[in-house]
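So the structure is just underneath, and the comments pick up after that.
The values are calculated or read from the model by the stated rules, or taken from the named source; none is laboratory data. Not measured: the values here are computed from a predicted model. Glycine gets a Cβ as well: all are built from the backbone with ideal geometry, and neighbour counts include every protein chain shown. We work out accessible area using only protein heavy atoms, side chains counted, and drop any ligands, DNA or RNA first. Shrake-Rupley method; radii C 1.70, N 1.55, O 1.52, S 1.80 Å.
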Amino acid sequence: MEGFRIRGGQPLQGRVRISGAKNAVLALAPATLLAPGVHRLRNVPRLTDVFTMVELLEGLGCSCHLEEGELHIDTSTVRSLRAPQELVSRMRASFYILGPLLARYGQAEVSLPGGCSFGPRPVDLHLQGLQRLGAQIELQDGYVRARASRLRGTTIELRFPSVGATGNILMAAVLAEGETLLRNAACEPEIVQLGEYLCAMGASIEGLGSPTLHIRGVEQLRPAAVEVIPDRIEAATFLIAAAATQGEVTITHARADHLQTVLEHLQQVGCRLTTTESTITVHMDTLPQPSTTVTAPYPGFPTDLQAQWTAFMLQAPGISRITDTIYPNRFKHIPELQRMGARIELIGNTAIVYGGYPLIGTRVVSSDLRASAALLIAGLIAQGETEVVGIHHIERGYEAIERKLQQLGASIERICVGP
Ligand code: UD1
């Protein structure tokens, strides 16, 4: 198995370029199924999740070509309407193809995603939304089978502003007959970009970035091109890592306006920040103050940064509290951090961090993408050497992480580790 060996104690310094947003690509690529022809996505990161999405689209009959950050998808040769269990279980975002296939071809068959390493992740909101649009849905042998001769616009109110359900319903509603009002929709920048891309393809959507989306269905869409927005989670991970090591780092090709809550948190704990249109510089020369953080849908503090922030707060002398309201079981990084000497108590969905004690490097195992990022941050601040095992998780969502950290002066190398 591959791992990273990190020698801690080196402040991160320098500039690093932020890649395109994984979660935007995972929504934009399925959207291309809505219009036959060649679509062009620029600023696409080389990540295993992106490769899985390409594999899925190729399995449906599309031709895909990824070179120098540009992904061309030719959707004119779709011949299958089925997403197999093997791919959906590898990457939950595969479920995104349900809405577009149903809207464009009148049927689709997608494996149910099941749980993931941080607990149950249902798809009831996706299915209820599509049913409201007139789809007939059957669950059989672990697969969702959806059919509709033509979807019909309606009013849908989500119980929770799910990112995935908003994306799936949006992609279905753009080709439905009549108007759809989607209430309590997700406002994440990746959903805004999906909506803008659909509009570039000829869709009519109002209210993007707000909880109420008004969609007027159209008869057909045409291929389009899009520049993927910067990955706000990768950006914030670098800012947090820089602050945790008491360094000074400028991230480039970033969007500060997508990170307002995170930047406020960084300032509250003592970071100095300077932003321009496309860069953010963090400077930290003291230990952080303890903090209280609660994850929430955008524009709240992202659940995808909960683990990294927890690792950061281990540096803050005093008591910090981090509550995850989105995924109450997303705490697999905690036992690993405890093995490095972290003092953390988990009460329900709140991690209580007793910060200011040294971390000691050891071998730790990552369980999911963001937990891996937290363990890397812990390794960067720990005394001695830390080995992070199970790095295939990190390669799902952080492009060239080891090269980027090396560029900032971190001592990190890829190693082969025994079982
Ligand atoms: C997306 C992101 C993921 C992020 C998450 C929350 C992608 C590819 N992934 O995941 O990185 O952590 O948003 O910001 O964009 N829920 C239901 N029923 C549903 C759907 C969701 O109860 O049908 C619940 C989930 O269990 C969870 C919450 O809603 O508690 C948020 O899930 P959702 O926003 O759907 O996350 P994803 O789209 O899967």
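Summary of values
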{"quantity": "Options 387, 345; residue that is closer than 22 Å to residue 2 by Cα and open to solvent by 10 Å² or more (accessible area, probe 1.4 Å)", "calculated": "387"}
{"quantity": "Filtered residues of the stretch 283-308 (kept if within 12 Å of residue 240 (Cβ to Cβ) and touching a Gly at 6+ places or on another chain (Cβ under 8 Å))", "calculated": "284, 288"}
{"quantity": "Which numbered condition residue 8 misses (of (1) within 15 Å of the ligand (Cβ to nearest atom); (2) under 30 Å from residue 363 (Cα atoms); (3) at pLDDT 95 or above)", "calculated": "(1)"}
{"quantity": "For residue 270: the one exception among (1) touching a Ser or Thr at 6+ places or on another chain (Cβ under 8 Å); (2) over 28 Å from residue 162 (Cα atoms); (3) open to solvent by less than 30 Å² (accessible area, probe 1.4 Å); (4) among the small types (Gly, Ala, Ser)", "calculated": "(3)"}
{"quantity": "Qualifying positions in the stretch 124-166 - open to solvent by less than 40 Å² (accessible area, probe 1.4 Å), under 17 Å from residue 182 (Cα atoms) and either in contact with a Lys or Arg (Cβ under 9 Å, 6 or more places away or on another chain) or assigned to a loop (DSSP other than H, G, I, E, B) (or both)", "calculated": "125, 133, 134, 135, 151, 153, 154, 156, 158, 161, 162, 164"}
{"quantity": "Yes/no for residue 376 being over 25 Å from residue 53 (Cβ atoms) and surrounded by 16 or more Cβ atoms within 10 Å (Cβ to Cβ)", "calculated": "no"}
{"quantity": "Number of the exception - residue 39 against (1) surrounded by fewer than 18 Cβ atoms within 10 Å (Cβ to Cβ); (2) modelled with pLDDT of 95 or more", "calculated": "(1)"}
{"quantity": "Selection within the stretch 263-291 - β-branched (Val, Ile, Thr), under 28 Å from residue 361 (Cα atoms) and more than 23 Å from the chain's Cα centre (by Cα)", "calculated": "269, 286"}
{"quantity": "Residue count for the stretch 167-202, restricted to those that are away from the ligand (no atom under 16 Å from the Cβ), of a type in the set (A, V, I, L, M), open to solvent by 10 Å² or more (accessible area, probe 1.4 Å) and not in a strand (DSSP E or B)", "calculated": "2"}
{"quantity": "For residue 121: the one exception among (1) surrounded by fewer than 20 Cβ atoms within 10 Å (Cβ to Cβ); (2) more than 9 Å from the ligand (Cβ to nearest atom); (3) within 30 Å of residue 348 (Cα to Cα)", "calculated": "(2)"}
{"quantity": "Residue count, the stretch 330-341 (criterion: at negative phi, surrounded by fewer than 24 Cβ atoms within 10 Å (Cβ to Cβ), in a loop (DSSP other than H, G, I, E, B) and not charged (D, E, K, R))", "calculated": "1"}
{"quantity": "Exclusive hit being open to solvent by 10 Å² or more (accessible area, probe 1.4 Å) and of a type in the set (A, V, I, L, M, F, W, C), set 56, 71, 101, 81", "calculated": "81"}
{"quantity": "Members of the stretch 301-329 that are within 11 Å of the ligand (Cβ to nearest atom) and either hydroxyl-bearing (Ser, Thr, Tyr) or open to solvent by 20 Å² or more (accessible area, probe 1.4 Å) (or both)", "calculated": "303, 304, 325, 326, 327, 328, 329"}
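Conditions (1) outside any helix (DSSP H, G or I); (2) more than 17 Å from residue 400 (Cα to Cα); (3) open to solvent by less than 20 Å² (accessible area, probe 1.4 Å), marked per residue:
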residue: 219; (1), (2), (3): yes, yes, no
residue: 222; (1), (2), (3): yes, yes, no
residue: 235; (1), (2), (3): no, no, yes
residue: 240; (1), (2), (3): no, yes, yes
residue: 261; (1), (2), (3): no, yes, no
